[in-house]
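Asker: One structure coming up, written as structure tokens, with questions to follow.
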DNA sequence: ATCCAATTTATTTAC
DNA sequence: GTAAATCCAATTGGAT
């Protein structure tokens, strides 16, 4: 096993070196390309787009060389690196080319300004800091939901030590029924923007009713912000940073603290964008890939993330360290989600072909078993609890969307859906809307399929001439019913609204 | 079991 | 207009 690990790390490291060389080559081209495209007219339908500050470009052409040991990369110093067969001196000369713009890999905080791609982000920072000052959260919001949130906050839950109790009462209250008319969802022309270049891996809304802000992360390590209410060309309306050196695997904007935004990356780094300090702090760096990120809704201090091949780690802000670690899956974990009714209940989806529900209170137990395992024939790319916490939707490469509900989630239906997006488009991940009635998922025909929970089939498809690419990643605004964001493999974001 | 090579795929950008 | 480039997926089928 140890020797196996060694070769894994070796391979990974060599890959890194090769990639950095490739990166260097591509960066030159890219910076030239962005300069060019910035000076020419932007074609196509999009009305809004991120900006690149050409004055900053020369910086990218001035690469520096840094030396990094295994230790500084967060890898264990013993056994795996130098200790082993010692004959490989490439371990010693681990030189990596890093340009300032991609200094994303720096093992320390990054100034937001240094990784900002435009001229001025002060408007964005002001907007983010401004929303914190306004009264926000529960009380105000609940009223708008016609009791949806009220229902959530009441009632003791569900799964205790693997045995669920009294869900029937909840079922009677409805939740599978909905007042939402999906046919009324519309995409207005002004609600289309190119927020980042390339594949959007992750899209989130700010959990705010006053500030309608979308955050996206792409494959190149860019994090983009779009204030949906901004005017075209408005300074700070669309802002882009480059705090990471690889695909962004997770973004968490906690409702209790929106000025601090966690982002995770395949390169093993987790950063915290602090709008007050105007930095992307480095909160964690791992030698292994980080595949997803999640927070409990009632705890902004803790972070759960998927690390390496099947592992989950919990990071605690109070200690600044990992406070728990376990390995619930045999392969990469593609999503983590908490149950809104009980934050001890967590669900994970994995490339090992399963999605599982766990009780965090049992992770120290001798036999730590999942409360429920949903099996697919291929990799599962997402598993999300419904707003009520009573159902689960899973999306798998076996071309199904699974909806599990009922006591102990035993009532499972698999709905056929073409999820084979191929290489260039990030994998679909079905999400819930604003109640337990509907699930939304992009399709390969540039639409968003609406699956009825009750009917267990797609009942409607959102289509629009403005949605000119596949909306592979979706987000439902947590408070604003009917506000649905779709993000594409080309960096566009579409925000559907009600009326 | 693990590894390699070939293949598929959508969108942007280059020409 | 069309062709080339993208390049941290996930197969499948062949090799070891």
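Where a number appears in this text, it was derived from the coordinates with a stated rule and is not lab data. Given the structure is predicted, the values throughout are model-derived calculations rather than measurements. Please note: Cβ atoms are built from the backbone with ideal geometry, for glycine as well, and neighbour counts cover all protein chains shown.
Asker: Beta carbons within 10 angstrom, averaged per residue: use that to sort the peptides A:451-460, A:341-350, A:187-196, highest first.
Answerer: So the peptides A:451-460, A:341-350, A:187-196, ranked by packing, come out A:341-350, A:187-196, A:451-460.
Asker: Another question, then. Suppose each label sits 7 Å from its Cα in the direction of the beta carbon; what would the residue A:123-residue A:111 distance come out to in nanometres?
Answerer: 2.3 nm
Asker: Sorting A:470, A:333 on the 10 Å Cβ count, fewest up front, what's the list?
Answerer: By the 10 Å Cβ count, ascending: A:470, A:333.
Asker: Using only the Cα atoms of region A:255-382, build the gyration tensor, take square roots of its eigenvalues as a ≥ b ≥ c, and label the shape rounded, prolate or oblate: rounded if a/c is under 1.5, else prolate if a/b is larger than b/c, else oblate.
Answerer: Prolate, since a/c reaches 1.5 and a/b exceeds b/c.
Asker: Still on this structure, I have one more. Quick check: pseudo-label points 7 Å beyond the Cα along Cα→Cβ at residue A:456 and residue A:184, how many nm apart are they?
Answerer: 3.0 nm
Asker: Also, quick follow-up: After finding the eigenvalues of the alpha carbon gyration tensor for region A:178-264, what semi-axes result from the square roots of 5 times each, listed largest first in whole Å?
Answerer: Working from the Cα gyration tensor, I get semi-axes of 22, 16, 14 Å.
Asker: For labels at residue A:235 and residue A:366 in the simple 7 Å Cα→Cβ model, what's the distance in nm?
Answerer: Between residue A:235 and residue A:366, the simple spin-label model gives 6.7 nm.
Asker: Something else about it: What FRET efficiency comes out for residue A:378 versus residue A:323 if R0 is 45 angstrom and r is the Cβ-Cβ distance? Round to the nearest 0.05.
Answerer: Rounded to the nearest 0.05, the efficiency is 0.85.
Asker: Given axes a ≥ b ≥ c from the Cα gyration tensor, I'd like to know whether region A:444-494 is rounded (a/c under 1.5), prolate (a/b larger than b/c) or oblate.
Answerer: oblate
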